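The values are calculated or read from the model by the stated rules, or taken from the named source; none is laboratory data. Please read all numbers here as calculations on a predicted model, not as lab measurements. Note that we place each Cβ from the backbone using ideal geometry, even for glycine, and neighbour counts take in every protein chain shown. Side chains are part of the model used for accessible areas, which takes the heavy atoms of the whole protein and leaves out ligands, DNA and RNA. Shrake-Rupley method; radii C 1.70, N 1.55, O 1.52, S 1.80 Å.
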Amino acid sequence: MFMGTVGEAANKEANRSLSEKKPTVVFVLGGPGSGKGTQCAKIVQHFGYTHLSAGDLLRAEISSGSENGTMIQNMIKEGKIVPSEVTIKLLQRAMTESGNDKFLIDGFPRNEENRAAFEDVTKIEPAFVLFFDCSEEEMERRVLNRNQGREDDNIETIRKRFKVFLDSSLPVIDHYKSRGKVRKIDAGRPVEEVFESVKDVFTSKNEKAD
């Protein structure tokens, strides 16, 4: 009980110091093969943001062999969804440890529950949402062509992942669109053309939303 209380106090302290810093957070959303990873790397290079991938943080925690990592691994094995709070704590820790105050959060929030929990726990609202919009046909072509040796890169799985993205992420995009915070990028074009549009968004962060 005592340890839990100490842990909770430390978490509250971390939350407070992070929200007091008033960091700039940009959520980056796009389906599989939309090219968001490539674009995030370019944003980091040009604009000095720290790129945080929710999936990478979860995988790193599992690899660390920590108690938390073992719990996450077991949940994934059992086909359970990792609770929002677990992912948010990993994001908060990474944000605090980075020493930066500008973050790209990639692949999160995956659904409305993630979104509400992030704002509730961190007291941070994103500056805007960068949405890489790409047709299903183009995403399929890209995912099948990239030779990453991923077992889940067959056509049926790609279609399932795309459907999951649409069903769960579009309500998040709609929520932020109603608040004028969505910056939609046509991601079906070549990488450099897409980045020209991305640069426009980051050099005029207060531009009118799509």
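Just so you know, the Rg over Rh for the chain is 0.96, from Cα atoms, with Rh as the Kirkwood radius. Here region 18-59 is treated as an ellipsoid with the same Cα gyration tensor; its semi-axes, largest first and in whole Å, are 20, 14, 10. Normalised radius of gyration (Cα atoms, divided by 2.2 N^0.38 Å) for region 35-106: 1.20.
Would you please give the FRET efficiency between Asp186 and Ser98, computed as 1/(1 + (r/R0)^6) with r the Cβ-Cβ distance and R0 = 25 Å, to the nearest 0.05? For Asp186 and Ser98, the calculated efficiency is 0.25. Sparse packing (at most 10 other Cβ atoms within 10 Å of the Cβ) combined with a DSSP loop state is found for the following trypsin sites (Lys or Arg not before Pro) in region 63-148: Lys80. Relative contact order for region 55-103: 28 percent, from Cα pairs under 8 Å spaced at least 6 residues apart, divided by residue count.
For the chain, calculate the relative contact order in percent as a whole number, restricting contacts to Cα pairs under 8 Å that are 6 or more residues apart. The normalised contact order for the chain reaches 30 percent.
Using a cutoff of 8 angstrom between alpha carbon atoms and counting only pairs six or more residues apart, the relative contact order for region 18-112 works out to 52 percent. Just the protein heavy atoms count here, and of the accessible area of the chain at 1.4 Å, carbon and sulfur take up 51 percent. Entry comment: accessible area of the chain is 55 Å² per residue, from protein heavy atoms only and a probe of 1.4 Å. Only protein heavy atoms count here; on that basis, with a 1.4 Å probe, Ser64 has an accessible area of about 70 Å². Taken about its Cα centre, the chain carries a charge dipole of roughly 300 debye when the Cβ of each Lys and Arg holds +1 and the Cβ of each Asp and Glu holds -1.
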